[in-house]
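Each remark here refers to the structure printed beneath this line.
Please treat every number below as a calculation from the coordinates, not as lab data. Quick caveat, the model's predicted, so the values are computed rather than measured. Counting neighbours? That spans all protein chains shown, and the Cβs are built from the backbone with ideal geometry, glycine included.
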Amino acid sequence: MSIKKIIEKFPDFLWLWTILATIAGLLSPATFLSLKPAIKPLLGSVILAMGLTLKGSDFVPIFKQPKKVFVGWLSQYTVMPFTGFLVGYLLLLHFNKEWVAGQVLTGACPTGVVSNVYTYLSMGNVALSITLSATNTVIAPVITPILTKVLAGRYVPVNMWKLFLDMVQVTLIPVLLGITINTVAKKYVDKIRPILPVYASLAVATIVAYVAAAGHAKILTLSIFAILALIIASIIHLFIGYGLGYLIANVSGLEIRDRVTISVETAMQNSGLATVLAVTHWSPMAALPAITYSVIQNILGPFVCTFYRKLVRQKK
C-alpha cells in the first residue's frame with residue numbers, strides 16, 4: 001500500500017487507535033501522565049486543524065438555506081444531550097454518577113470532525129454537513145455549558161462560566177483562527193491538508209492515552225458489567241441520534257440527502273472535546289463515556305453509511 005493510501009485510510013481506524021491508546025495508557029501510565037499540561041493545547045490544535053478545512057463561504061448556506069441549518073441545530077442540541085441524560089440515568093448512575101455527566105457532556109458537545117466524511121460516504125449533502133459542523137463548533141461554547149448544567153448539575157458540580165471559557169479557548173478561538181489562516185494562506189494550507197486528518201487522529205489518541213493513564217487505578221477495577229453498561233449506553237445513544245435526527249429532518253419536510261446529513265451530524269459527536277472537558281472539570285472516570293462513544297461511533301459509523309447509501313439510491 002502506498003504512503004498516500006495509508007494517509008487516506010488512517011483516520012478510518014480511529015476506533016482502533018483509540019482502543020490501542022487506552023491500552024497503552026493503562027499499561028504504562030507514567031509514559032503519558034507528564035502530558036497533562038499539553039492536553040488542552042493538543043485539543044485546540046485538533047480544532048485548529050478542523051478550521052483549516054473551512055472557509056468563510058462555508059457559512060453562506062446559513063442565509064441561503066436557514067431552515068436546514070436550524071433543523072440541524074435543533075436536532076443536535078435536543079436529541080443528543082437529552083438522550084445522553086436518559087441513557088446515563090438509566091444505565092450508568094448505578095455505577096458512577098460522573099458517568100451520567102460524561103454521557104450528557106458527550107451529547108451536548110458539537111458535531112465530530114469525521115461527520116463530514118461520513119456524510120460524503122452516506123451520499124448526503126456535504127455542503128450542509130460542513131456548515132453544520134462549523135456553526136455547531138462556533139455556538140457550542142454558549143449552548144454546551146447551559147445544557148450540561150441543566151442536565152448534569154444535580155450529579156456533579158458544573159461551573160458554567162469556566163466551561164464556557166474552556167470551550168472558547170479550545171474550540172471557538174482555534175476554529176476561527178483556522179478559518180482565517182485558510183482564507184489568507186490557502187495555497188500553503190492546501191499542501192498540508194492531506195495530513196490534517198492523520199494529525200487529528202493521533203492527537204485524539206494521545207489525549208485518550210493520557211485519560212487512561214490518569215484514571216488507570218480506578219479503570220482497572222471496573223467490573224465487566226460496568227464496561228458493558230458503558231458500551232450499551234453509547235450504542236443506544238448513537239442510534240437514537242441517527243434515528244431521531246433522520247425523523248426530525250423528515251418531519252421538517254427536508255429531502256432525502258438532507259435527512260441523511262442531519263442524521264449523521266446529530267449522531268457523530270466531538271468525543272475528543274468531551275473527553276478533555278470531562279477530565280478538566282471532573283475526573284478521568286467522567287471521561288470514560290466519551291472515550292467509549294468515540295470507539296462505538298467509529299466502529300458502527302461505516303455500516304450506517306452503507307445503509308444510507310442504499311436508501312439514497314432507492315429514493316432517486
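What does the convex hull of the alpha-carbon atoms of region 13-315 project to on average, in nm²?
The Cα convex hull of region 13-315, projected and averaged over all directions, gives 14.7 nm².
Just flag the chymotrypsin sites (Phe, Trp or Tyr not before Pro) in region 66-174 sitting in loop per DSSP whose Cβ has no more than 16 other Cβ atoms within 10 Å.
Nothing satisfies the criteria.
Using only C-alpha positions, report the orientation-averaged shadow area of the convex hull of region 1-101, nm², one decimal.
Quarter of the Cα hull surface area: 10.8 nm².
So which trypsin sites (Lys or Arg not before Pro) in region 152-215 end up in coil per DSSP with only 11 or fewer other C-beta atoms within 10 Å?
154
Could you work out the Rg to Rh ratio of region 174-234, with Rh taken as the Kirkwood radius (inverse of the mean 1/r over all Cα pairs)?
1.25
Past 18 Å, Cα to Cα, is the threshold; run 97/218; 162/218; 5/191 against it and keep the listed order.
Beyond 18 Å between Cα atoms: 162/218.
For each of 117, 100, count neighbouring Cβ atoms within 10 Å of the residue's Cβ, then give the residues from fewest to most.
Fewest-to-most ranking of 117, 100: 117, 100.
What's the local net charge at residue 285, with K and R +1, D and E -1, over the other residues with C-beta under 12 Å away?
After counting each charged neighbour, the total is +1.
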